[in-house]
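Novice: Could you have a look at this structure, given as structure tokens, before my questions?
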Amino acid sequence: MTNERPRLRRALAAIAATAAIAVTLAACGSSGSDPTNGSGGAAGEPVAGGTLVFGRTAAVNDLNLHTQIAANNAFAIDKIFEPLVSFDESGEIIPWLADYAESDDELTYTFTLRNGLMFSDGNPVTADDVVFSLETHQAVADSPLPLTAPIESIEAASETEVVITLDEPYTPFLSELSNFSNGVLPADFGGKSEAEFFENPIGTGPFVLNEWDKAGDISFTKNENYWQEGKPYLDALEYRYIADDTQLRQQLAAGQLDAIDIVPAANAAEIEADSSLRLSQTEGWSAEQVFFNTERAEFADVKVRRAIAMALDREGITQATTFGTAETASALLPPSIQYSAADDDIALPYDVAAAQAELAGSDFPDGFEFSLMVPSGNTQRAQIAQAIQEQLSEIGITVNIEQLEIATFRERFFAYDFDAMINNGQSDAPDPNGFITFQADPEGFSQSYWTHYTNDTVTALMEAGRVTPNGDERAEIYLDIQKQLAQDAPYIPLFYPANLKATTSNVAGFTVLPNGSVRFADTWRVDASA
Amino acid sequence: MNRLLRAISRLLVVVAGVVVAVFFLLRIVPGDPARMILGERATPEAVEQLRDQLGLNESLSQQFAAFVARLFTHGDTGISLVTGESSRGLILERAPISLGLVGVSLLFALSIAIPLALLAARRHNRLPDHIIRVLTNIGVGMPIVWSGVLLIALFAVQLGWLPAGGIGKGPGEPFRSLVLPGIAVAIGLAPVLIRSLRAQLIEVQTAEWVTTLRAAGVAEWRITWRHVLRGAALPTLTLLGVSTAYLVGGTFVVERVFALNGMGTLLFDSISTRDFPVVQGITLLSALAVVLITAVADLLGATLDPRIRRSQPRAVS
């Protein structure tokens with residue numbers, strides 16, 4: 001039996017080692033990367049043909065347009081399904097599958113489908129398909145990109161005409177309708193079960209699903225029946241799953257990838273300096289922010305929040321952590337969102353003396369200590385946190401940085417178990433209502449982005465914004481909301497990150513939308529042999 | 001026979017321990033799979049509904065019972081929460097890449113270790129030995145991730161000889177794709193093997209029976225290949241068995257660095273999305289592999305070496 005002891009120890013060591021690997025991996029976690037995007041391609045006449053290999057840091061695991069919102073799935077879904085209206089690179093709403101007309105009372109919208117519009121399987125798209133698609137979406141109780149408009153009815157007026165009637169005016173309606181979640185699919189899922197259908201979906205989009213590994217790569221072929229003449233130029237599109245963004249750049253440089261979905265701001269310059277690569281830098285729909293849990297005594301005090309806002313050098317933080325790729329935020333809404341007040345100079349100014357005075361007038365004149373939660377594996381956010389820590393020490397506030405693996409990070413803020421955190425607010429559509437609702441509606445499930453912030457004036461303005469027609473009056477409403485939010489500072493917008501992507505010099509027409517999706521229908525390979 | 005039975009029962013205890021430990025550890029760590037699947041902007045109702053659907057709202061003991069039942073009836077650790085596919089299928093699909101990498105790494109490690117160990121032993125305490133000692137120290141100290149990045153920068157990006165990552169398609173491509181990752185693992189593993197083999201070689205080549213062989217006029221190459229190397233190989237084989245855990249861990253990390261879509265990458269992803277069944281499947285499989293190989297190395301050692309067979313094993317490493 002004497003030789004059993006070391007064996008047993010070895011056995012226990014094996015258990016411990018395996019468990020330790022699992023736990024350590026959980027602790028180092030994923031480099032939380034939400035896809036963002038980038039720029040147009042070179043000039044020249046489009047050439048048809050070829051395959052484009054696109055590297056991304058997350059796999060596609062679900063193609064159900066009604067239940068998915070995260071970028072990994074969203075930007076595959078929107079290659080297959082398309083809504084009646086869409087938006088362009090600058091966020092303008094444009095007719096897509098249909099032309100539309102709005103009645104003078106803003107209650108009735110008539111959509112006329114394009115002539116000869118077909119699904120990728122060659123079947124014609126009819127008004128019935130549209131009605132089925134939108135009604136099916138409405139019936140999904142917890143759609144993450146819902147049709148919240150007060151819709152009274154969706155009816156097929158003819159083979160190619162759909163009439164949508166609202167109970168009351170709802171200005172963000174078309175913007176909401178431009179979400180891919182309102183994409184058109186065949187009525188009754190083309191006779192299949194819903195689950196079967198989304199394993200092999202049929203839509204009107206430029207690409208058709210080819211091969212799909214739900215924890216790996218996905219590939220598409222060209223939709224031969226696509227409604228835009230001559231597009232897509234590419235014969236095939238492959239999304240290669242590569243978890244690590246360093247690998248993305250290395251494979252791009254080595255010519256194994258044609259384009260990559262994400263370039264960290266720190267590496268933008270190095271891509272730009274490489275003559276064989278092209279950096280794509282475009283405006284996005286998001287704002288990087290510090291969020292306060294206003295249920296904590298310190299942050300319930302508006303003076304404390306204002307003091308912090310004035311103690312932060314947002315300009316400096318932006319420069320240092322985004323390497324000049326982002327624009328410093330001066331209002332909540334990014335400039336690419338309608339009615340952004342980014343140019344109106346409404347933010348509290350960076351002024352340490354004023355910050356000290358504000359704090360002196362608060363319930364915590366001698367400062368305090370709090371914990372700032374950031375997801376681990378995100379270098380940029382770690383650097384922001386350090387800058388905040390340093391700058392707040394100037395006014396006597398001690399910041400403890402708490403880095404948490406992304407799953408833990410999420411669990412904590414959903415449970416309102418945090419003092420303050422760095423996170424990102426974003427929009428899926430060009431209308432300001434979605435962004436503002438998510439960040440300022442105390443009744444919404446996100447409780448003003450988990451800050452518990454409530455301001456009756458803001459709530460009333462927000463409701464007015466939904467029914468006021470576009471124009472000066474609506475502009476005034478969103479300006480007032482952004483001013484009030486800047487004064488109350490339940491969160492401090494730091495900067496508007498750019499969509500940063502890259503391609504090789506063989507890729508042209510690389511069109512990036514403000515939500516971070518690439519419009520691959522417009523993309524071609526300059527080396528494709530015509 | 002007795003030894004074999006004991007080996008098997010030990011193996012079962014270890015594997016059962018791993019299964020139980022991983023099952024409960026995963027569920028103690030904070031993080032909600034439903035939330036990870038649906039994203040930050042999903043409503044609590046949607047998350048709750050998905051939790052119901054995935055069976056995450058049942059009690060831990062119920063979940064564990066269902067897990068064990070499925071393990072025995074289907075040989076599977078469950079349906080992946082993220083992809084909705086069987087975890088066994090997902091893992092087996094990726095096993096060839098990981099096994100290929102282990103194989104290539106071992107091949108490289110041995111082809112580096114054996115000649116260098118021989119050289120070091122022959123030139124014991126002379127310049128080659130010193131140089132090799134320095135090299136092994138560097139190799140051991142170099143983090144696998146770092147050597148991986150250096151190899152990519154040099155051979156893939158600068159020289160363009162080999163792929164920077166991923167598995168290429170076409171004849172011979174998969175092997176070419178495994179060369180750099182294999183070298184990265186071998187750089188970490190070879191030094192351990194060199195040290196052990198060198199020490200054993202020195203011990204054997206100065207043994208009396210070797211001197212006797214020399215005196216009898218047996219050719220030096222014959223002594224080296226037929227006698228010395230064979231005598232020193234056994235402890236190294238055992239050491240190799242013990243290094244399996246390192247090899248598995250190392251290849252998992254290297255998969256990530258080289259974007260190889262094998263079991264290691266799947267494990268990383270599954271942990272970050274809290275895809276419990278897949279994590280359980282991979283840990284179970286790796287534990288089985290490590291324990292089995294270690295046991296085989298032990299048994300082999302015992303069979304080949306009369307000293308171990310007869311009494312207690314000598315410490316070999």
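Any read-out appearing in this document is the output of simple, stated calculations on the displayed coordinates, not a laboratory observation. For clarity, every value in this text was computed on a predicted model and none was experimentally measured. FYI the Cβ positions are ideal-geometry reconstructions off the backbone, even for glycines, and counts take in every protein chain you see.
Novice: As I understand it, the dipole of chain B uses +1 on the Cβ of Lys and Arg and -1 on the Cβ of Asp and Glu, about the Cα centre. Which of B:20, B:152, B:301 lies farthest toward its positive end?
Specialist: B:301
Novice: Hey, what do the phi angles of the range B:31-38 turn into as Karplus ³J(HN,Hα) couplings, whole Hz, using 6.51/-1.76/1.60 and θ = phi - 60°, x for Gly and Pro?
Specialist: Values, residue by residue: x, 10, x, 4, 5, 5, 6, 7 Hz.
Novice: Using the beta-carbon distance between residue A:276 and residue A:323 and R0 = 25 Å, what value does 1/(1 + (r/R0)^6) give for FRET efficiency, to the nearest 0.05? Show your work: numbers first, answer last.
Specialist: Details: r = 21 Å, r/R0 = 0.84.
Approximately 0.75, to the nearest 0.05.
Novice: Now for a different question. Taking Rh as the Kirkwood radius computed over C-alpha pairs, what is the Stokes-Einstein D of the range A:452-530 at 20 °C in a medium of viscosity 1.002 mPa s, expressed in µm² per second?
Specialist: Reported coefficient: 129 µm²/s.
Novice: Projected onto the charge dipole of the protein assembly as shown (+1 at Lys/Arg Cβ, -1 at Asp/Glu Cβ, origin at the Cα centre), which of A:471, B:8, B:271 gives the Cα projection farthest towards the positive end?
Specialist: Most positive-ward Cα: B:8.
Novice: Regarding the range A:104-144, what are the three Cα extents along the principal axes, ordered largest first, in Å?
Specialist: 32, 32, 16
Novice: With the contact rule set at Cα under 8 Å and sequence spacing of 6 or more, what percent relative contact order holds for the range B:38-183?
Specialist: That works out to 16 percent.
Novice: Based on the alpha carbons, how large is the Rg to Rh ratio for the range B:33-101 when Rh follows Kirkwood?
Specialist: A ratio of 1.07.
Novice: So if we plug the beta-carbon distance of residue B:2 and residue A:48 into 1/(1 + (r/R0)^6) with R0 = 60 Å, what FRET efficiency do we get, rounded to 0.05?
Specialist: Once the sixth-power term is evaluated, E becomes 0.25.
Novice: Please state, as a whole number in µm²/s, the translational diffusion coefficient that the Stokes-Einstein equation yields for chain B at 25 °C and 0.890 mPa s, with Rh defined as the Kirkwood radius across alpha carbon pairs.
Specialist: Answer from the Stokes-Einstein relation: 110 µm²/s.
Novice: If we restrict to alpha carbons, what Rg and Dmax does the range A:479-521 come to, in Å?
Specialist: 17.1, 49
Novice: Sticking with this structure for a sec: Divide by every residue of chain B the summed helix terms, -39500 (n - 2.57) for each DSSP H run of at least 4, and state the resulting mean residue ellipticity at 222 nm, rounded to the nearest 500 deg cm²/dmol.
Specialist: -24000 deg cm²/dmol
Novice: Also, I was wondering about something else. Please compute the average number of Cβ atoms from other chains found within 10 Å of each residue's Cβ in peptide B:26-39.
Specialist: Averaged over the peptide's residues, the number is 5.
Novice: Shifting gears a bit: So what's the convex hull volume per residue for the Cα atoms of the range A:180-231, in Å³?
Specialist: Spelled out: Cα convex hull of the range A:180-231, divided by residues, is 105 Å³.
Novice: HN-Hα J couplings of the range A:96-112 from phi, Karplus 6.51/-1.76/1.60, θ = phi - 60°, integer Hz, Gly and Pro as x?
Specialist: 10, 6, 9, 8, 9, 9, 10, 6, 5, 7, 6, 10, 10, 10, 10, 10, 10
Novice: When only C-alpha pairs under 8 Å and at least 6 residues apart count, what is the relative contact order of the range A:74-144, in percent?
Specialist: Contact order relative to length: 16 percent.
Novice: Same structure again: With a point put 7 Å past each Cα toward its Cβ, work out how far residue A:114 is from residue B:69 in nm, to one decimal.
Specialist: The modelled label-to-label distance comes out at 5.2 nm.
Novice: Could you work out [θ]222 nm for chain A from helices alone, using -39500 (n - 2.57) per DSSP H run of at least four and dividing by all its residues? Round to the nearest 500 deg cm²/dmol.
Specialist: Per the formula, -9500 deg cm²/dmol.
Novice: Now for a different question. Over the Cα atoms of the protein assembly as shown, what is the Rg over Rh ratio if Rh follows Kirkwood?
Specialist: My calculation of the ratio gives 1.03.
Novice: If you project the alpha carbons of the range B:19-161 onto their three principal axes, what span does each projection cover, largest first, in Å?
Specialist: Answer, in whole Å and largest first: 70, 37, 27 Å.
Novice: What is the percent of Cα-Cα separations in the range B:157-233 that go past 21 Å?
Specialist: That fraction is 53 percent.
Novice: Report the convex hull volume per residue for the range A:392-530, counting only C-alpha atoms, in Å³. Working shown, then result.
Specialist: Numbers: hull volume 27.4 nm³, N = 139.
Dividing the Cα hull volume of the range A:392-530 by its residue count gives 197 Å³.
Novice: Using the reciprocal of the averaged 1/r over all distinct C-alpha pairs, how large is the Kirkwood radius of the range A:214-256 in Å?
Specialist: For the range A:214-256, the Kirkwood estimate is 12.5 Å.
Novice: May I have the pair-distance distribution P(r) for the range A:441-486, computed from all Cα-Cα distances with 5 Å bins from 0 and rounded to whole percent?
Specialist: Calculated P(r), rounded to whole percents: 5, 23, 28, 24, 14, 6, 1.
Novice: Can you pull the mean other chain C-beta count within 10 Å for peptide B:258-265?
Specialist: Mean shielding count: 5.
Novice: A further question follows. Tell me, what ³J(HN,Hα) does each residue in the range A:276-291 have, in order and in whole Hz, if you take phi through Karplus 6.51 cos²θ - 1.76 cosθ + 1.60 with θ = phi - 60° and put x for Gly and Pro?
Specialist: Listing the rounded values in order: 8, 10, 10, 8, 10, 10, 9, 6, x, 10, 9, 9, 7, 9, 9, 10 Hz.
Novice: Please report, to one decimal in angstroms, the Kirkwood hydrodynamic radius of the range A:230-297 built from all distinct Cα-Cα pairs.
Specialist: In the range A:230-297 this quantity evaluates to 15.1 Å.
Novice: Which aspartates and glutamates does residue A:231 reach when only Cα atoms under 15 Å apart count, and residues fewer than 8 places away in its own chain are ignored?
Specialist: A:45, A:82, A:522
Novice: Let me ask something additional. Which values, in whole Å and largest first, are the semi-axes of the equivalent ellipsoid of the range A:313-354 obtained as the square root of 5 times each eigenvalue of the Cα gyration tensor? Kindly include the intermediate steps, with their values, before the conclusion.
Specialist: Details: eigenvalues 72, 52, 5 Å².
Over the Cα atoms of the range A:313-354, the ellipsoid semi-axes are 19, 16, 5 Å.
Novice: Okay, moving on. Testing the spin-label approximation: label points 7 Å from Cα along Cα→Cβ at residue B:28 and residue B:212. State their distance in nm.
Specialist: About 5.7 nm, to one decimal.
Novice: With a cut-off of 15 Å, note down the residues of the range A:153-183 whose backbone N falls inside the zone around a label point 7 Å from the Cα of residue A:103 toward its beta carbon.
Specialist: Only A:153-157, A:162-170 fall inside the zone, counting backbone N under 15 Å.
Novice: When N is the residue count of the range B:104-262, what does its C-alpha Rg come to as a fraction of 2.2 N^0.38 Å?
Specialist: 1.20
Novice: If you place +1 on the Cβ of every Lys and Arg, -1 on the Cβ of every Asp and Glu, and leave all else neutral, what size is the dipole of chain A about its Cα centre, to the nearest 20 Debye?
Specialist: Dipole about the Cα centre, nearest 20: 2540 debye.
Novice: Same structure again: Report D for the range A:130-208 in µm² per second (integer): Stokes-Einstein, Kirkwood Rh on Cα pairs, 4 °C, 1.567 mPa s. Walk me through the intermediate numbers first.
Specialist: On the way: Rh = 13.7 Å.
Using the Kirkwood radius from Cα pairs, D works out to 94 µm²/s.
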